[in-house]
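Take a look at the structure below.
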Amino acid sequence: MRLMRQFGIIAGMTCVGELMHYFIPLPVPGSIYGLALMMIALMTGMIKLESVLETSQFLIDAMPLMFIPAGVGLMTAWGQLRTILLPVTVVTFVSTVLVMGITGRVTEILLAVTARGRAKGETASQELKEEVLAEENLIAEELREAAKHETEKIKHLLHGEVTKSEEPEVTDCAARSESAEAEETAKTEHAAAEATAAHGKKGRKHHGHG
């Protein structure tokens with residue numbers, strides 16, 4: 001079914017070429033019109049190459065068979081060709097060489113244009129990949145810097161919290177130390193006062209006995 005569809009597209013182009021040959025008053029064969037239409041359709045993308053590829057390859061391979069009917073027709077018209085054999089031979093030879101040369105040159109030009117277009121496309125694709133990679137690296141660097149900044153910020157905040165939590169403990173220790181020293185001083189003063197009072201009492205008693 002796929003091959004029939006491809007053959008139908010090629011036959012349709014040939015039919016349109018024959019109609020153009022019929023309605024356009026120019027000495028151009030219908031097959032040439034058909035080939036021109038097919039080339040324009042393929043170049044503009046109206047017809048995809050995959051849509052006619054397999055059938056076209058088959059027809060090119062079978063092209064030598066297409067010359068058999070023309071050769072048989074020349075044999076039947078030998079009586080008419082015998083009088084103009086030399087001019088026909090020269091024209092055939094010259095036209096064959098011209099067609100081969102022009103076809104080869106046009107093919108080389110098309111291949112060169114296609115190769116340049118492909119190379120340009122690959123270069124553009126490579127440049128696009130490099131730009132995307134550079135953008136990704138820049139974004140990754142910015143993310144690393146932001147993460148580093150946030151980490152430093154969190155460490156600073158945690159260090160501040162630890163310092164604040166340690167300050168009351170130091171103050172409490174100093175207060176307890178000062179309180180203990182005051183108590184020891186008070187106890188010492190109290191003991192000294194008691195000793196002084198006791199010594200005074202003993203002196204008074206000794207004085208009374210005397």
If you check 40, 9, which single one turns out to be open to solvent by less than 60 Å² (accessible area, probe 1.4 Å) and of a type in the set (Val, Ile, Thr)?
9
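Yes/no per residue for (1) surrounded by 10 or more Cβ atoms within 10 Å (Cβ to Cβ); (2) free of Cβ contacts under 8 Å to residues at least 40 places away in the same chain; (3) under 28 Å from residue 38 (Cβ atoms):
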site: 62; (1), (2), (3): no, yes, yes
site: 81; (1), (2), (3): yes, yes, no
site: 106; (1), (2), (3): yes, yes, yes
site: 117; (1), (2), (3): yes, yes, yes
site: 127; (1), (2), (3): yes, yes, no
site: 145; (1), (2), (3): yes, yes, no
Evaluate the following for residue 75: is it among the aliphatic types (A, V, I, L, M) and open to solvent by 100 Å² or more (accessible area, probe 1.4 Å)?
yes
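The values are calculated or read from the model by the stated rules, or taken from the named source; none is laboratory data. The structure presented is a predicted model; accordingly, all values stated were derived computationally and were not measured. Don't worry about glycine lacking a Cβ; one is built from the backbone with ideal geometry, like all the others, and counts go over all protein chains shown. What goes into the accessible areas is simple: the full protein's heavy atoms, side chains included, and nothing from ligands, DNA or RNA. Shrake-Rupley method; radii C 1.70, N 1.55, O 1.52, S 1.80 Å.
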